[in-house]
Amino acid sequence: MAKRALSGTAFATLLLIALMMGANHVAARIAFNSGVDVATAVAFRSVVTALVVTGLVFLQNAPRTLTARNKRALPAIGVLIGVQSLCLYSAVARLPVVLALLAFNTYPLWTALWDRLIYKHRPERAMLLAMPFILVGLGLALDVLGAASGLGAAGQWTRIGAGVAFALAAAATFGLALVLTQQEAGDVDGRLRTASTMVITGLIALSVVTTQGGFHLPQTSAGWGGLLTLTFLYGTAFTIMFTVLPKLGVAGNSAIMNVEPVFALVLAWLILGQSIAPIQVLGALVVVGTVMALGLRKRK
């Protein structure tokens with residue numbers, strides 16, 4: 001069936017969430033530049049969000065009944081999201097924010113791959129058609145041949161290789177988490193599933209913090225502002241996602257939130273002074289447009 005049309009309020013709410021998530025990554029970069037490490041940022045963000053969403057589970061009396069399959073799947077999903085969180089912030093710490101998010105935005109390809117490998121589901125024709133556009137757009141955005149930077153391919157990959165690897169690892173683990181969620185935990189209430197995921201992610205981040213000798217806290221007031229802001233933005237975005245969106249009837253339209261890299265591009269330019277070449281902006285728009293088209297297509 002065709003998806004229900006979005007109201008103006010629902011559309012604005014989706015854009016607000018995308019803006020907050022993009023701003024969250026810009027705030028994270030400010031924190032990283034001031035001495036915060038990735039594990040500390042993920043721990044702060046995840047623990048606070050876990051407390052908020054867990055509170056919602058009990059305040060709103062969300063269904064908490066789990067099947068044996070759900071009980072097996074939820075810990076695995078939590079671990080995957082924990083790894084994804086650490087990898088994505090590691091990419092943001094090493095790359096211009098928009099490039100990290102664009103490389104992460106390849107997750108629909110990884111989702112299709114995992115679904116094929118694990119559950120033997122054939123990718124939809126739309127996904128197969130979209131793959132070359134996403135890959136070409138990503139290649140332009142990352143300047144893989146080093147033409148825009150003038151460094152050449154070897155020099156460019158020396159500069160961006162580690163960050164791209166972390167971003168793609170985040171995309172791969174997120175894609176797997178999406179497949180497991182759909183196939184093994186799709187019947188679990190979204191609030192309960194998110195609370196479980198954030199608790200596990202927080203525990204993973206805290207364990208990494210412990211192995212690194214404790215929290216690496218900001219060394220400047222700007223760094224504290226970045227850490228507190230990323231925590232507030234991430235927690236608020238998730239709270240809105242699981243309390244407001246269901247009431248607005250936006251199921252199936254969340255692809256609009258894939259404009260996050262566009263917001264990040266503008267915010268990173270305004271706040272961090274990060275900029276990319278025009279050809280890279282074109283590649284970014286190709287990736288974002290293709291991923292949005294995939295998410296917004298009508299399904300039978």
Candidates PHE104, PHE58, PHE44 - the one that is free of Cβ contacts under 8 Å to residues at least 24 places away in the same chain, at negative phi and of a type outside the set (Val, Ile, Thr): PHE58
Scanning the stretch 35-67 for residues that are part of a loop (DSSP other than H, G, I, E, B) and touching a Leu at 6+ places or on another chain (Cβ under 8 Å) gives GLY35, VAL36, ALA62, PRO63, ARG64, LEU66
Return a yes/no flag: does the stretch 137-147 have any residue that is within 19 Å of the chain's Cα centre (by Cα), surrounded by fewer than 18 Cβ atoms within 10 Å (Cβ to Cβ), assigned to a helix (DSSP H, G or I) and of a type in the set (A, V, I, L, M). no
May I ask you to verify whether ALA130 is in contact with a Leu (Cβ under 6 Å, 6 or more places away or on another chain), farther than 23 Å from SER90 by Cβ and surrounded by 14 or more Cβ atoms within 10 Å (Cβ to Cβ)? yes
So, in the stretch 252-276, of the ones that are part of a loop (DSSP other than H, G, I, E, B) and at pLDDT 95 or above, which residue ends up nearest to ASP143 (Cα to Cα)? GLN274
Are there any pairs, at least 6 apart or on different chains, whose C-beta atoms fall under 6 Å, with the first in the stretch 158-179 and on the phi < 0 side of the Ramachandran plot and modelled with pLDDT of 95 or more and the second among the basic types (Lys, Arg) and part of a helix (DSSP H, G or I), and if so, which? ALA162/ARG94; GLY163/ARG94
Sort through GLY161, GLY175 and tell me the only one that's under 15 Å from the mean Cα position of the chain (by Cα) and either crowded, with 20+ Cβ neighbours inside 10 Å or assigned to a helix (DSSP H, G or I) (or both). GLY175
Cross-chain or 6+ apart pairs with Cβ under 7 Å, the stretch 189-209 first and more than 12 Å from VAL83 (Cα to Cα) and in contact (Cβ under 8 Å) with a residue 24 or more places away in the chain, then assigned to a loop (DSSP other than H, G, I, E, B) and among the aliphatic types (A, V, I, L, M): ASP189/ALA62; ARG191/ALA62; LEU192/ALA62; ARG193/ALA185
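The values are calculated or read from the model by the stated rules, or taken from the named source; none is laboratory data. Everything quoted here is computed from the prediction, not taken from an experiment. Please note: Cβ atoms are built from the backbone with ideal geometry, for glycine as well, and neighbour counts cover all protein chains shown.
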